[in-house]
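The values are calculated or read from the model by the stated rules, or taken from the named source; none is laboratory data. Just so it is clear, the model here is predicted, and its values are computed rather than measured. As a convention, Cβ positions derive from the backbone with ideal geometry for all residues, glycine included, and neighbour counts pool all protein chains shown. Protein only, heavy atoms only, side chains kept; ligands, DNA and RNA dropped before computing areas. Shrake-Rupley method; radii C 1.70, N 1.55, O 1.52, S 1.80 Å.
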Amino acid sequence: MVEWTDFERSTIADIFSKMSYETVGPAALTRCLIVYPWTQRYFGNFGNLYNAAAIMGNPNVAKHGTTILHGLDRAVKNMDDIKGTYAELSVLHSEKLHVDPDNFKLLADCLTVVVAAQFGNAFTGEVQAAFQKFLAVVVSSLGRQYH
Amino acid sequence: MSLTEKDKATVKALWGKISKSSDAIGADALGRMLVVYPQTKTYFTHWSDLSPNSAPVKNHGKNVMSGVALAVSKIDDLTAGLLDLSEQHAFTLRVDPANFKILSHCILVVLAIMFPKEFTPEVHVAMDKFFCGVSLALSEKYR
């Protein structure tokens, strides 16, 4: 089981309470598709991903970015059993979506950058450490049911 | 994943805007790295103080960023341009190259914090590729 300090719990709760899902979700996913273009392989049916401008204006990408971020809510509410919380989603990503689990880390890094930009100087090293630890647990849980 | 002419232009343009803050960027990135990735502290046991904004951290942040400045100036041939630094890292410092990725990530996070408007996704990809190139050039002499 993952041990969380009080600081980590309150930091994660604070970040997500202040987050605008409709801004951060799309920003993180579009950034991932631009910075790591091979991740576009999973979005063949999303329409025009031809260049950065197209990706940033694509409504399917925006909608899916918001969906992903709301998916993180479940982990925020169940920090003591993120592994269990995401067991089904892990199976989905493995068996149905066939996503290489290395991609989860790429999206997590983009989310970190977007949240850092939003929070500015409030995103201290300690806050970053807590946020990245949370995302690392999420990433690990999503990759857990792969075989 | 080599740098295109567009990437190089993007990197140089960003550097033009941020270089006067390079000391602050270096100090923040390094201080952050030591907190977020505590295993990196193993390389600095000779410092009296590893806390963010301590004198050794600020000083070393400056050193790191002068390396980045050098890399920007030698962007057309990073391997040749960073040869001396590569030898230093390979034979003297012996930093595990996995850590180059870690520090690069921390620098990118600091750029997002300090320059949120400039650090667009297009600039992000160019800078990420640049730091990958720098890391590769630094690893050149390892084996």
_Residues being of a type in the set (A, V, I, L, M, F, W, C), open to solvent by 20 Å² or more (accessible area, probe 1.4 Å) and either more than 20 Å from A:Q118 (Cα to Cα) or more than 9 Å from chain B (Cβ to nearest Cβ) (or both) - total across segment A:19-37_ = 0
*Is one or more of the residues making up segment A:114-130 without any contact (Cβ under 8 Å) to a residue 40 or more places away in the chain, part of a loop (DSSP other than H, G, I, E, B) and over 17 Å from A:P26 (Cβ atoms)?*
yes
*In segment A:97-121, what residues are over 14 Å from B:L108 (Cα atoms) and hydrophobic (A, V, I, L, M, F, W, C)?*
A:L97, A:V99, A:F104, A:L107, A:F119
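Can you give me the ranges of the helices (runs of 4 or more DSSP H) entirely in segment B:22-127 with at least 1 residues that are acidic (D, E) and surrounded by fewer than 17 Cβ atoms within 10 Å (Cβ to Cβ)?
Those helices (runs of 4 or more DSSP H) span B:22-36, B:83-87.
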*Would segment A:101-109 turn up any residue that is within 25 Å of B:I113 (Cα to Cα), among the polar types (S, T, N, Q) and either away from chain B (no Cβ under 14 Å) or surrounded by 18 or more Cβ atoms within 10 Å (Cβ to Cβ) (or both)?*
yes
